[in-house]
Amino acid sequence: MYTITSRENKLYKRIKALKDKKQREAEGLFVVEGLRGVRDAARSGLRPRLAALAEGVEPPEELRDCETVCFAKRLFSELSDTSTPQGVIALFPIPVYNFSDLKMTENSMVMVCENVQDPGNLGTIVRTAHCAGAAGVILTKGCCDLFNPKTVRSTVASIAAVPVIRGRETEEIMEKLRDMGFKIAVGALTDEAVELFGADLSGRVAIVAGNEGNGVTEKTLAHADIAVKIPIAPGAESLNVGIASAIMMYEKIRQDS
């Protein structure tokens, strides 16, 4: 296999450019790095479009049927987003979902993220939604990019397995979910909010989590059927949004069981 050694190479520039959100959206592709991540993505149903290997690295079985290119180790390290590259990168299509793709049942649960900014928090929420059997995850336009390399590294198997609807306005989300028979349960530290463990989360429920610093917007609260809060010890400020989302999702599961 020919080894690419120049930074002027078009494929080198293309893969490098995919670190930028605008380029990912323009091409409809995202980068998965590392053997485990590539395998998780492929085994979850995504089909790789291109594999990039460091010189001397053999492609895993999951990449045998796609176009493969080889880079000199110094160039590959520049493409890598990790401190200790494993020598395997693959480009996968960004999955696009709509409300019709939500996995509906009588007691379906969806997780709605409003303006969540930290990629680590978003990754935690999507992974937990996968583990909790959620029908899907919905992200408002103000959320951080799901295909940020940091999020992808921790969440790629769930990204491929759970329908994640991205970039929608809050009004559209609430109207669609209500039309589909969902109760809107918003996490909020307001005086009107009821304790989570005493709230009725039966039936179809959409759980809404807000921004790390500001919580949910007033507009979203106005759409809520119920506002819920997780009890915390006196003097504690608040729970991390990823942890709070996990608690709310699993309380829904507990009530359904």
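The values are calculated or read from the model by the stated rules, or taken from the named source; none is laboratory data. Please read all numbers here as calculations on a predicted model, not as lab measurements. Here the Cβ is made from the backbone with ideal geometry for all residues, glycine too, and neighbour counts use every protein chain on show.
Of the listed requirements (1) β-branched (Val, Ile, Thr); (2) under 30 Å from GLU33 (Cα atoms); (3) modelled with pLDDT of 95 or more, ILE184 misses just one: (2). Evaluated against (1) of a type in the set (A, V, I, L, M); (2) at pLDDT 95 or above; (3) under 15 Å from ILE89 (Cα atoms), ALA26 falls short on exactly one condition, (3).
Considering each of LEU139, LEU177, LEU146, LEU75 in turn, give the residue that is outside the structural domain of ILE15 (by TED's automatic domain parsing), buried (at least 20 other Cβ atoms within 10 Å of the Cβ) and assigned to a helix (DSSP H, G or I). Outline the logic, then answer.
Values: LEU139 fails: assigned to a helix (DSSP H, G or I); LEU146 fails: assigned to a helix (DSSP H, G or I); LEU75 fails: outside the structural domain of ILE15 (by TED's automatic domain parsing).
Criteria check complete, one pass: LEU177.
In segment 78-122, what count of residues is obtained for those that are small (Gly, Ala, Ser), surrounded by 14 or more Cβ atoms within 10 Å (Cβ to Cβ) and either without any contact (Cβ under 8 Å) to a residue 60 or more places away in the chain or outside the structural domain of GLU212 (by TED's automatic domain parsing) (or both)? Of the residues in segment 78-122, 3 are small (Gly, Ala, Ser), surrounded by 14 or more Cβ atoms within 10 Å (Cβ to Cβ) and either without any contact (Cβ under 8 Å) to a residue 60 or more places away in the chain or outside the structural domain of GLU212 (by TED's automatic domain parsing) (or both).
Out of ALA26, ALA41, one residue alone is of a type outside the set (Asp, Glu), under 16 Å from VAL152 (Cβ atoms) and in a helix (DSSP H, G or I). It is ALA41.
Filter segment 180-225 down to the residues that are of a type in the set (A, V, I, L, M) and assigned to a loop (DSSP other than H, G, I, E, B), then identify the one that is farthest from ILE243 (Cα to Cα). Steps first, please.
At the first step, the residues of segment 180-225 found to be of a type in the set (A, V, I, L, M) are 180, 184-186, 188-189, 193-194, 196, 199, 201, 205-209, 216, 221-222, 224.
If we keep only those that are assigned to a loop (DSSP other than H, G, I, E, B) too, we end up with 180, 188-189, 193, 199, 201, 216, 224.
Values: MET180: 27, ALA188: 14, LEU189: 15, ALA193: 18, ALA199: 18, LEU201: 18, VAL216: 16, ALA224: 21 Å.
The qualifying residue farthest from ILE243 (Cα to Cα) is MET180.
Looking only at residues in segment 98-125 that are in a loop (DSSP other than H, G, I, E, B) and of a type in the set (A, V, I, L, M, F, W, C), the one that is nearest to THR155 (Cα to Cα) is VAL116. Checking each residue in segment 49-71 for being closer than 19 Å to LYS10 by Cβ and loosely packed, with under 15 Cβ neighbours inside 10 Å picks out ARG49, GLU67. Note on segment 226-257: among residues that are part of a loop (DSSP other than H, G, I, E, B) and of a type in the set (A, V, I, L, M, F, W, C), the one that is nearest to ILE125 (Cα to Cα) is LEU239. Taken over segment 50-69, the criterion of being acidic (Asp, Glu) and either part of a loop (DSSP other than H, G, I, E, B) or at pLDDT 95 or above (or both) is satisfied by GLU55, GLU58, ASP65.
A search for C-beta distances below 8 Å between a residue of segment 28-39 that is crowded, with 20+ Cβ neighbours inside 10 Å and any residue that is of a type in the set (Gly, Ala, Ser) and not in a strand (DSSP E or B), counting only pairs 6+ apart in sequence or on different chains, returns VAL32/ALA41; GLU33/SER80.
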